[in-house]
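Colleague: First the structure, then my questions, so here it is.
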Amino acid sequence: MQKYMDIDIRVVAGALVPVVASQVVKVVHHFMANSDTEIALALPLMKTGEYRQVGERIRLYAKDRPELDELADMLEGNSSVKDHIAVKRIKSCPENPECWVAYTRHRHPRKSDAKWRAEVSDKLTQMPVIYVRSIKQPDLRFGLGVVRFTSDHRSDSPGKLNGYGLSSRAAPYWLPEVS
């Protein structure tokens, strides 16, 4: 990824940061579903632990500027988010970053999967969650728990992104850390 842009979530009366963040992720998800573009999602201000939250900034990475320009237009034209976000200008990623980050997703289990839920319940209560709906099954709503990993070097394996711009733990998609 060579370009990135930040989307700051404005705290406006009646709008909760997690709800606006979920709406932004929904727009990104629809954008990726209708194009061949790969967009990586980062939550640089996220907090974990007892006071977990997604944070008031979403960073989107892409290979080229036109993809981010098109996505910025979609976000600024979307009635559910346009009054609650500030889309910042597109910037180039650093060529030799000191740190690399990967944001991985952990899908929250269904209520019927009690054994798996018990095994990971402590982890799930420590990570911020973005609630989304499936494009293929609009009645299916689930939470994506987000975990951030850091490294001082990037792996040689390319990594994979899902339709929400997050990677899996098995194949992390390393992004340059931007301060």
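The values are calculated or read from the model by the stated rules, or taken from the named source; none is laboratory data. Note that the structure is a prediction, hence the values are computed from the model and not measured. Positions of Cβ are backbone-derived with ideal geometry, glycine not excepted, and every protein chain shown enters the neighbour counts. We work out accessible area using only protein heavy atoms, side chains counted, and drop any ligands, DNA or RNA first. Shrake-Rupley method; radii C 1.70, N 1.55, O 1.52, S 1.80 Å.
Colleague: Output the residue which, of all residues in the range 124-179 that are surrounded by fewer than 17 Cβ atoms within 10 Å (Cβ to Cβ) and of a type in the set (Phe, Trp, Tyr), is farthest from residue 63 (Cα to Cα).
Modeller: For the range 124-179, the residue satisfying everything is 142.
Colleague: Okay, moving on. Would you call residue 153 over 19 Å from residue 19 (Cβ atoms) and modelled with pLDDT of 80 or more?
Modeller: Spelling it out, residue 153 is indeed over 19 Å from residue 19 (Cβ atoms) and modelled with pLDDT of 80 or more.
Colleague: Now for a different question. With respect to the numbered conditions (1) at pLDDT 90 or above; (2) open to solvent by 70 Å² or more (accessible area, probe 1.4 Å); (3) within 23 Å of residue 170 (Cβ to Cβ), which one is the sole condition not fulfilled by residue 107?
Modeller: Unmet for residue 107, out of (1) at pLDDT 90 or above; (2) open to solvent by 70 Å² or more (accessible area, probe 1.4 Å); (3) within 23 Å of residue 170 (Cβ to Cβ): (1).
Colleague: Taking the residues in the range 35-45 that are within 21 Å of residue 101 (Cβ to Cβ) and free of Cβ contacts under 8 Å to residues at least 40 places away in the same chain as candidates, determine which candidate is least open to solvent (accessible area, probe 1.4 Å).
Modeller: That would be 37.
Colleague: Tell me which of these residue 28 doesn't satisfy, since it passes every other one: (1) over 26 Å from residue 92 (Cβ atoms); (2) touching a Leu at 6+ places or on another chain (Cβ under 9 Å).
Modeller: All conditions are met except number (1).
Colleague: Looking at the range 17-34, which of the residues that are of a type in the set (S, T, N, Q) and touching a residue at least 12 places away in the same chain (Cβ under 8 Å) is most open to solvent (accessible area, probe 1.4 Å)?
Modeller: Ranking the qualifying residues of the range 17-34, first place goes to 23.
Colleague: From the residues in the range 12-34 that are assigned to a loop (DSSP other than H, G, I, E, B) and either basic (Lys, Arg) or touching a helix residue (DSSP H, G or I) at 6+ places or on another chain (Cβ under 8 Å) (or both), which one is nearest to residue 102 (Cα to Cα)?
Modeller: Checking each candidate, the answer is 15.
Colleague: Still on this structure: For the range 69-82, name all the residues that are open to solvent by less than 20 Å² (accessible area, probe 1.4 Å) and either more than 23 Å from residue 137 (Cβ to Cβ) or not in a loop (DSSP other than H, G, I, E, B) (or both).
Modeller: Listed by number, the residues that qualify are 71, 72, 75.
Colleague: Restricting attention to the range 125-150, which residues are within 21 Å of residue 20 (Cα to Cα), part of a strand (DSSP E or B) and touching a residue at least 12 places away in the same chain (Cβ under 8 Å)?
Modeller: Answer for the range 125-150, where residues must be within 21 Å of residue 20 (Cα to Cα), part of a strand (DSSP E or B) and touching a residue at least 12 places away in the same chain (Cβ under 8 Å): 129, 130, 131, 132, 133, 142, 143, 144, 145, 146, 147, 148.
Colleague: Scanning the range 51-68 for residues that are in contact (Cβ under 8 Å) with a residue 60 or more places away in the chain, closer than 23 Å to residue 10 by Cα and charged (D, E, K, R), which turns out most open to solvent (accessible area, probe 1.4 Å)?
Modeller: 52
Colleague: Are any residues in the range 7-16 under 23 Å from residue 73 (Cβ atoms) and surrounded by fewer than 21 Cβ atoms within 10 Å (Cβ to Cβ), and if so, which ones?
Modeller: If the condition is that a residue be under 23 Å from residue 73 (Cβ atoms) and surrounded by fewer than 21 Cβ atoms within 10 Å (Cβ to Cβ), then 8, 10, 12, 15 are the ones that fit.
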